[in-house]
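Only one structure is covered here, and it is reproduced in the block below.
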Ligand code: BGC
């Protein structure tokens, strides 16, 4: 069932929330219509500050909110790292000052709005399960994001198992995400089929660990899925994300209702 909320004070529809996807390279935010999972307004994308300290990133989040002045209420924000009770754990693609920070408290204070935080791939998993490629799917679903890193969101019968950090599985003397993320592909200029060979190994390993019923492949590159996904050879059903790179925004906006 789609969430529908009505503000008791004004009677106005309250099912539009802001989601901000904080990534290693970009920060994207938009208002999200939670009834449909569609964006309710234009998306604002800004570069992640090169030195991505909490204060520098907070300033970018403020800009994203200023771009959506008419949407108040709680804000959902994704983090490219472990999030447990609002505190950031290992997060290799952002400034180390985030690690150990009670970021939910820091951002709630800094933005003067209630902030809900979630790992970026976990947000994508919630969004794909509610509105996208995994809609209504029970069993074990693994939603992955290919970007600066490799994110993974695991669902069992629609319930999230948070902070599944399988992008860091050791592989070829490094780790899966350093070997096969989108950034890794760009770094060594792999062809689509060369990349698909690497992804076959990565997804083969994920398959052996989780025995999923469905694998969803997300991240911005999923819009080019025809170029690589048919060459990824696994036995599990594997499909492109349908929310593409807005899944993070949508998933964390949805989180504000939990
Ligand atoms: C982080 C994950 C994150 C992924 C995608 C990894 O480096 O450890 O938490 O989901 O990158 O951003």
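Quick notes
- Of residues in segment 136-157 being surrounded by 16 or more Cβ atoms within 10 Å (Cβ to Cβ) and not in a strand (DSSP E or B), the one farthest from the chain's Cα centre (by Cα): 137
- Filtered residues of segment 224-258 (kept if part of a helix (DSSP H, G or I) and in contact with a helix residue (DSSP H, G or I) (Cβ under 7 Å, 6 or more places away or on another chain)): 227, 228, 231, 244, 245, 247, 248, 250, 251, 252, 254, 255
Conditions (1) touching a residue at least 24 places away in the same chain (Cβ under 8 Å); (2) away from the ligand (no atom under 16 Å from the Cβ); (3) closer than 28 Å to residue 83 by Cα; (4) in a loop (DSSP other than H, G, I, E, B), marked per residue:
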site: 189; (1), (2), (3), (4): no, yes, no, yes
site: 204; (1), (2), (3), (4): yes, yes, yes, no
site: 212; (1), (2), (3), (4): yes, yes, yes, yes
site: 222; (1), (2), (3), (4): yes, no, yes, no
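- The set of residues from segment 167-176 being assigned to a helix (DSSP H, G or I) and closer than 11 Å to residue 198 by Cβ comprises just one member, 176.
- The strands (runs of 3 or more DSSP E) found wholly in segment 20-98 and carrying at least 3 residues that are within 16 Å of the ligand (Cβ to nearest atom) and at pLDDT 95 or above occupy 75-79.
- Unique residue being exposed (fewer than 15 other Cβ atoms within 10 Å of the Cβ) and in contact with a strand residue (DSSP E or B) (Cβ under 9 Å, 6 or more places away or on another chain) when the list is 193, 211: 211
- Among the residues making up segment 110-127, those that are surrounded by 24 or more Cβ atoms within 10 Å (Cβ to Cβ), more than 10 Å from the ligand (Cβ to nearest atom) and in a helix (DSSP H, G or I) are 125, 126, 127.
- Residue check for residue 14: at pLDDT below 95, farther than 25 Å from residue 219 by Cα, crowded, with 16+ Cβ neighbours inside 10 Å and more than 16 Å from the ligand (Cβ to nearest atom): yes
- Any hit, segment 45-57, residues being touching a strand residue (DSSP E or B) at 6+ places or on another chain (Cβ under 6 Å), free of Cβ contacts under 8 Å to residues at least 60 places away in the same chain and closer than 22 Å to residue 14 by Cα: no
- If you go through segment 158-175 and keep only what is farther than 17 Å from residue 85 by Cβ and more than 13 Å from the ligand (Cβ to nearest atom), you end up with 158, 159, 170, 171, 172, 173.
The values are calculated or read from the model by the stated rules, or taken from the named source; none is laboratory data. Note that the coordinates shown come from a computational prediction; the quantities given were computed from them, not determined experimentally. Neighbour counts run over all protein chains shown; Cβ positions are idealised from the backbone, glycine included.
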